[in-house]
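Down below is the structure, laid out as structure tokens.
The values are calculated or read from the model by the stated rules, or taken from the named source; none is laboratory data. Just so we're clear, the structure is a prediction, and the values are computed from it rather than from any experiment. Because the Cβ atoms are built from the backbone with ideal geometry, glycine has one as well, and the counts that use them run over all protein chains shown. SASA here: full protein model, heavy atoms, side chains in, ligands and nucleic acids out. Shrake-Rupley method; radii C 1.70, N 1.55, O 1.52, S 1.80 Å.
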Amino acid sequence: MKKLTMIALMLTMALGVNAQLLYKISGNGLSKPSYVFGTYHIGNIDIVNKVPGVFDALTETDQVYGEVKYDDISNADSAMYMQNAMLLPEGKTLKDYLSADDYARLNKWLFNAMGNDLNANSPMTQQMARMTPLAMVNMLQLLLHAKYGIGRVDPTTSLDKFFQEQAKNNNEPVGGLETVKFQSDLLFQSTPLERQAKLLMCLIDNEEFNVQMLREISNAYKAQDLDAIQKALDMKLNNSCDSSPEEEAAVLYNRNADWIVKMKKIMAEKPTFFAVGAGHLPGEKGLLQLLREEGYTIEGMK
């Protein structure tokens, strides 16, 4: 599958017009500029040392906003909610949503990747068997990164968390454009389970395609090339594995439109450093274009 899970993750090549990850937002009544940085949620934080002006932007702003507040993720209640959102209804397992043939192919894939499958009698595999299919897809994409050596992935940290930690170290406020509950429901519960099962098998049955897409996203991100990231996210199989327009809107475009309303108010109160997934920035419905349409001046930092 493509965007449904890739946006939940987020991002050699020639640099294009959008060959930056950091953008200044000014004008439209702002007394001081704000900034927006496109992150790759599982990317290595070393990239910040290769982005011109990022530390100056952090110094010039008075607060950091991410998609969610990482302190909320570590909150016991929020962590429990997110964990439960990643699980199937009580008493159900993936076996209830896959055909016998699909379940066998999934187990074969898992055994080849991990040396274990869902038939193993262990707490880990029993927990895996209870994952929603899209939660399983997220896990399998991490396995693909490791199996094929795609980029330098560190699942223990993230760029999003890094920027929020910088704000905390400077005694500055940290905020989130969404709640943990909203993101958990969106990513793991809002898509019907039958459709999720289909998308899980799309990954299993199209491994070469998914590896190519993951690799192109990783390379584009390292090149700081938003145009190339957009091109990679737009890759299609031209079958039912591709996200529908409604699915793309739910995961990407509707959220962008909602964030713009919040960002306008947030920036008017304090100059702000926003750190959100790079896939939200480019395109006609991306944050950069939406900000321009609201009257702001958008400048890529070089």
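List of remarks:
- Count - residues of the range 83-126 that are surrounded by fewer than 18 Cβ atoms within 10 Å (Cβ to Cβ), of a type in the set (A, V, I, L, M, F, W, C) and under 29 Å from residue 180 (Cα atoms): 2
- Residues that are part of a loop (DSSP other than H, G, I, E, B) and buried (at least 16 other Cβ atoms within 10 Å of the Cβ), drawn from the range 161-178: 172, 177, 178
- Any hit, the range 193-209, residues being surrounded by fewer than 18 Cβ atoms within 10 Å (Cβ to Cβ), within 26 Å of residue 282 (Cβ to Cβ) and among the aromatic types (Phe, Trp, Tyr): yes
- Top-ranked residue in the range 55-82 [being in a loop (DSSP other than H, G, I, E, B) and open to solvent by 20 Å² or more (accessible area, probe 1.4 Å); ranked as nearest to residue 169 (Cα to Cα)]: 62
- Looking at 203, 199, 237, 186, just one residue is under 30 Å from residue 112 (Cβ atoms), out of contact with any Leu (no Cβ under 9 Å at 6 or more places or on another chain) and not polar (S, T, N, Q), and that residue is 237.
- Neighbours by Cβ (under 7 Å, 6+ apart or cross-chain): first from the range 179-191, surrounded by fewer than 17 Cβ atoms within 10 Å (Cβ to Cβ); second outside any loop (DSSP other than H, G, I, E, B): 181/81; 185/85; 190/250
- Residue count for the range 2-42, restricted to those that are at pLDDT below 50 and closer than 19 Å to residue 184 by Cα: 9.
- Of the listed requirements (1) surrounded by fewer than 18 Cβ atoms within 10 Å (Cβ to Cβ); (2) among the aliphatic types (A, V, I, L, M); (3) more than 16 Å from the chain's Cα centre (by Cα), residue 142 misses just one: (3).
- Taken together, the residues in the range 266-275 that are within 22 Å of residue 300 (Cα to Cα) and surrounded by fewer than 21 Cβ atoms within 10 Å (Cβ to Cβ) amount to 4.
- Of the residues making up the range 276-298, one or more are surrounded by 15 or more Cβ atoms within 10 Å (Cβ to Cβ), small (Gly, Ala, Ser) and touching a strand residue (DSSP E or B) at 6+ places or on another chain (Cβ under 7 Å).
- Picking from residues in the range 104-148 that are touching a strand residue (DSSP E or B) at 6+ places or on another chain (Cβ under 8 Å) and in a helix (DSSP H, G or I), the one that is farthest from residue 241 (Cα to Cα) is 139.
- Restricting the range 143-152 to residues that are among the hydrophobic types (A, V, I, L, M, F, W, C) and under 11 Å from residue 113 (Cα atoms), the residue that is modelled with the lowest pLDDT: 146
- Qualifying residue in the range 231-247 (condition: modelled with pLDDT under 95, buried (at least 18 other Cβ atoms within 10 Å of the Cβ) and closer than 17 Å to residue 36 by Cα): no
- Residue 191 being outside any helix (DSSP H, G or I) and at pLDDT below 95: no
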